[in-house]
Amino acid sequence: MDTLPPLTALRAFEAVAMRLSVKGAAEALSITPSALSHQLRVLEDTLGLKLFHRLNRRLLLTDAGQVYFSKIAPAFETLRTATAEIAERGRADTLVVTAPASFAEIWLLPRLPRFLDAHPEVDLRIEATSRPIDYAREAVDASIRYGTGPWPGLASHRLVSERLVALCAPDLLQGPRPLRSPADLAHHTLIHSDQRLTGWTSWLRAHGQAGLRGARNLRFSQSAHSLRAAVQGLGVVLENRVMAQDALAADALVEPFPELAPVDDGVAYHLVAPADRLTMPKVRALVAWLEEEAKRPVSP
C-alpha cells in the first residue's frame, strides 16, 4: 500500500481493540456504534483482512488484528503524549524559562516589568533551578545557564560575563582593620558563593596574594545570600558587579580595591535553547529582550 488507511478508521480500530467492545469504544469516541462499525469495515476493506472475530455480542482480535494493534497502539500513545505536551506548552502562549535561583532573584526579576510591558500577549513562568533540562520531555522553552559552555545540542546566546570583584559594607573600609590592600583580607572573613566557578583562590592569585587565607570563611550555596551577608557587614564577598548592581547603587556595598581589575575566567550567564525553540516568536522576543537588558550599564 502506498497510502495510510483513513485516520478515523484507524482511530476506531484502536478504540475497539483496547476495549473489545463497539459500544464502549463508541462512547469513548462520542460517536454512534453504527458509525464506528462502519469505520471498522472501511479499515478491513482497505487492508483486505479481517481484524476481529465477531462471536454473537463478543469481539476477539484475529491474529492479524492482534499484530496490527500491537504496532499502531504505541503510535497513538505517542500522538496523545505529543498533543498533550504541545497543548500545555501553547496554553495562553506561556513562555517557560529556567534560571539559576540567585540570577532569577537578583538580575531577572527586577527587569521583568519591562518585558511584560513590551509583550502583554505572553504569559511567563520562571522555574528557579540550575538543573539540566530534557527539552524533549519537559515543557521548557529556554534556560539561562551559568558556565563557559558550549552545551551540546543547544544554541546559546552569551548574556552577562562574570567579572568578579571584592565587595564589602562601607563600614569595613574603616575600623581597627581597615581594608587598604588585598593583603588586609587576612584579617577579615571571606564570604564564598559555592556555585561560583571562580573563587577567592583565583582572585587572590591574580592580585599577588597566592596562599593568603582570611581570618575565617563563610559559605553560602547562593549568591543572593552571600551578597546579603556582605551587606550586613559579615565579611568580604567575591561577586559579579552585575549581581551586586542594586547594592552598589544604594551604597550598601562598595569596592574596597577599585583600582584592581576584575577577574574574568570566561564564565558567563547564557540563554540556551534547542535550535527549533528559537524560531518560536515568544522565544525570539525573550532573546532580543535579554540581549538588550544585558547591554544596560552596570554601576561602577
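At R0 = 35 Å, how high is the FRET efficiency between Ser30 and Asp123 if r is their beta carbon distance? Nearest 0.05 is fine.
Working: r = 31 Å, r/R0 = 0.87.
Result of the calculation: an efficiency of 0.70.
Arranged from fewest to most other beta-carbon atoms within 10 Å of their beta carbon, Tyr146, Tyr269 become Tyr146, Tyr269.
For the pair Ser202 and Arg57, label points projected 7 Å from Cα toward Cβ lie 7.5 nm apart.
Would you mind working out the magnitude of the charge dipole of the chain relative to its Cα centre, with +1 at each Lys and Arg C-beta and -1 at each Asp and Glu C-beta, to the nearest 20 Debye?
Working: 34 positive and 33 negative charges, 166 e Å.
Here the chain has a charge dipole of around 800 debye.
Calculated from DSSP H runs of 4 or more alone, at -39500 (n - 2.57) each and per residue, what is the 222 nm mean residue ellipticity of the chain, nearest 500? Write out the running numbers ahead of the final one.
Details: 9 runs with 110 residues, N = 300.
It lands at -11500 deg cm²/dmol.
Taking R0 as 45 Å, what FRET efficiency do you get between Ala84 and Asp264 from their Cβ-Cβ distance, rounded to the nearest 0.05? Calculated transfer efficiency: 0.50.
In terms of surrounding Cβ atoms within a 10 Å radius of their Cβ, Val140, Val42 rank from fewest to most as Val42, Val140.
For the range 229-300, a crude dipole built from +1 on the beta carbon of Lys and Arg and -1 on the beta carbon of Asp and Glu, taken about the Cα centre, is about 400 debye to the nearest 20. How much FRET efficiency would the formula 1/(1 + (r/R0)^6) give for Ala183 and Thr279, where r is the Cβ-Cβ distance and R0 is 45 Å, rounded to 0.05? According to the calculation, E is roughly 0.25. Here is the list for the range 239-300: GluC sites (Glu not before Pro) lying in DSSP coil, each with at most 11 other C-beta atoms within 10 angstrom of its C-beta, are Glu259.
Based on other C-beta atoms within 10 Å, arrange Met280, Met243 from fewest to most.
Details: Met280 17, Met243 27.
With the sparsest Cβ surroundings first, the list reads Met280, Met243.
Straight-line reach from Lys295: taking Cα to Cα under 15 Å and skipping same-chain neighbours fewer than 8 places apart, the aspartates and glutamates in range are Glu162.
Magnitude of the charge dipole for the range 1-143, about its Cα centre and with charges confined to Cβ atoms of Lys, Arg (+1) and Asp, Glu (-1), is about 760 debye.
Every number here is computed from the coordinates shown, using simple stated rules; none is lab data. Quick caveat: nothing in here was measured; it's all calculated off a predicted structure. In this analysis, Cβ positions are derived from the backbone assuming ideal geometry, glycine residues included, and neighbour counts consider all displayed protein chains.
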